[in-house]
Amino acid sequence: MKQNLKGQCLCGNVKFELSDDFKAFYQCHCAQCQQLTGSAFASNIFTRPDNIEWTSGKADVSHYEHPTREFSKAFCRVCGSAVPFVNKSRTSLIVPAGSLLDKPSISPQANIFAAEEAHWLADGLKAHSFEGFPE
Ligand SMILES: [Zn+2]
Ligand SMILES: [Zn+2]
């Protein structure tokens with residue numbers, strides 16, 4: 001039996017558990033994922049649609065679906081954090097990697113839609129690192 005992983009939103013209102021049983025892990029650099037996340041790329045882990053147990057705050061999960069295209073997002077309506085959702089075609093549960101508290105056994109397998117990569121990502125990865133705020 002696979003280990004169970006815990007996840008939650010930032011405010012802790014929404015909590016869930018799922019089995020560490022994933023089929024794919026993609027970092028998506030498309031322009032839509034940049035807008036949905038407000039960051040350079042979306043880190044999404046794919047699993048079967050029923051691999052989730054909401055342990056708290058399920059009623060506070062809001063959903064957005066693009067009216068014509070295959071873009072969705074689920075988020076805590078209190079703090080806005082991304083949380084897992086079933087895709088439009090209902091074939092996968094998509095888990096935002098940052099919503100997991102525990103480390104999944106799967107690692108990113110691919111950077112997809114790399115042609116749309118944020119123009120500041122490459123420089124950002126080369127920028128100096130600090131443990132906290134810069135001094
Ligand atoms: Zn929250
Ligand atoms: Zn994308």
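The values are calculated or read from the model by the stated rules, or taken from the named source; none is laboratory data. Quick caveat: nothing in here was measured; it's all calculated off a predicted structure. Every residue, glycine as well, gets a Cβ built from its backbone with ideal geometry; the counts of neighbours run over all protein chains shown. SASA here: full protein model, heavy atoms, side chains in, ligands and nucleic acids out. Shrake-Rupley method; radii C 1.70, N 1.55, O 1.52, S 1.80 Å.
Quick rundown of the values:
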item	result
Test: residue 20 is acidic (Asp, Glu) and within 16 Å of ligand 1 (Cβ to nearest atom)	no
Residue count, the stretch 32-57 (criterion: part of a helix (DSSP H, G or I), in contact (Cβ under 8 Å) with a residue 60 or more places away in the chain and under 19 Å from residue 14 (Cα atoms))	0
Search result, residues across the stretch 84-111 that are over 13 Å from the mean Cα position of the chain (by Cα), open to solvent by 50 Å² or more (accessible area, probe 1.4 Å) and of a type outside the set (Gly, Ala, Ser)	88, 90, 91, 102, 103, 109, 111
The one condition in (1) over 30 Å from residue 123 (Cα atoms); (2) within 16 Å of ligand 2 (Cβ to nearest atom) that residue 25 fails to fulfil	(1)
Failed condition for residue 10, given (1) within 16 Å of ligand 1 (Cβ to nearest atom); (2) closer than 24 Å to residue 117 by Cα; (3) assigned to a loop (DSSP other than H, G, I, E, B)	(2)
Candidate set from the stretch 67-78 (those that are open to solvent by 50 Å² or more (accessible area, probe 1.4 Å) and over 12 Å from the mean Cα position of the chain (by Cα)); member that is farthest from ligand 1 (Cβ to nearest atom)	68
Where residue 121 falls short, out of the listed (1) open to solvent by 40 Å² or more (accessible area, probe 1.4 Å); (2) over 22 Å from residue 8 (Cα atoms); (3) in contact (Cβ under 8 Å) with a residue 60 or more places away in the chain	(1)
Test for residue 27: is it outside any loop (DSSP other than H, G, I, E, B), over 16 Å from residue 8 (Cβ atoms), touching a residue at least 60 places away in the same chain (Cβ under 8 Å) and touching a Ser or Thr at 6+ places or on another chain (Cβ under 6 Å)	yes
Test: residue in the stretch 45-59 that is open to solvent by 40 Å² or more (accessible area, probe 1.4 Å), out of contact with any Phe, Trp or Tyr (no Cβ under 7 Å at 6 or more places or on another chain), within 16 Å of ligand 1 (Cβ to nearest atom) and within 29 Å of residue 120 (Cα to Cα)	no
Hits in the stretch 21-39 (condition: open to solvent by less than 20 Å² (accessible area, probe 1.4 Å), of a type outside the set (A, V, I, L, M, F, W, C) and under 18 Å from residue 52 (Cβ atoms))	none
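Residue-by-condition table, conditions (1) at pLDDT 95 or above; (2) under 25 Å from residue 123 (Cβ atoms); (3) in contact with an Asp or Glu (Cβ under 6 Å, 6 or more places away or on another chain); (4) not polar (S, T, N, Q):
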site	(1), (2), (3), (4)
1	no, no, no, yes
16	yes, no, no, yes
21	yes, no, no, yes
36	no, yes, no, yes
